[in-house]
Amino acid sequence: MSKQLKPIPEFANEAEERAFWESPKNDSTEYVDWSKAKLMTFPKLRPSTETISLRMPEDVLNTIRHHARRLDVPYQSLIKLWCAEKVAELKQSRRTAQRGGK
């Protein structure tokens, strides 16, 4: 027998909704049957970005700038690309390790 779920309240705005779900008094499992949830992807959404300040040795930055000029791309874009590639590699190796460990 499934548990009776509470109705999700109406919210006046996004800030009110955010405050409701962030509150430790509100457990989402009382409002949503997560066992019926499906994984969704939104390919046309642009990922949010955050500005950071990054200090690195001058010779490293000069090498990156040199490679960026050779590829005719902005050096910041090249740094983002390399970071994204490394993150994808790390995620893949973690998935492979998890599958092998189970």
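The values are calculated or read from the model by the stated rules, or taken from the named source; none is laboratory data. From a predicted model like this one, the values you see are computed outputs, not experimental measurements. Virtual Cβ from ideal backbone geometry, glycine too; neighbours counted across all protein chains shown.
Things to note:
- Any chance Glu10 is modelled with pLDDT of 90 or more and over 23 Å from the mean Cα position of the chain (by Cα): yes
Matching residues to (1) under 23 Å from the mean Cα position of the chain (by Cα); (2) not assigned by TED's automatic domain parsing to the domain that holds Pro7; (3) not basic (Lys, Arg):
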residue	(1), (2), (3)
Thr29	yes, no, yes
Trp34	yes, no, yes
Thr49	yes, yes, yes
Ile52	yes, yes, yes
Asp59	no, yes, yes
Pro74	no, yes, yes
Val87	yes, yes, yes
Ser93	yes, yes, yes
Ala97	yes, yes, yes
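- Any hit, the range 68-81, residues being part of a helix (DSSP H, G or I), modelled with pLDDT of 95 or more and loosely packed, with under 11 Cβ neighbours inside 10 Å: yes
Residue by residue, here is whether (1) at pLDDT 95 or above; (2) surrounded by 12 or more Cβ atoms within 10 Å (Cβ to Cβ); (3) basic (Lys, Arg); (4) assigned to a loop (DSSP other than H, G, I, E, B) holds:
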{"residue": "Arg18", "(1), (2), (3), (4)": "no, no, yes, no"}
{"residue": "Lys25", "(1), (2), (3), (4)": "no, no, yes, yes"}
{"residue": "Arg46", "(1), (2), (3), (4)": "no, no, yes, yes"}
{"residue": "Leu54", "(1), (2), (3), (4)": "no, no, no, yes"}
{"residue": "Asp59", "(1), (2), (3), (4)": "yes, no, no, no"}
{"residue": "Ile64", "(1), (2), (3), (4)": "yes, yes, no, no"}
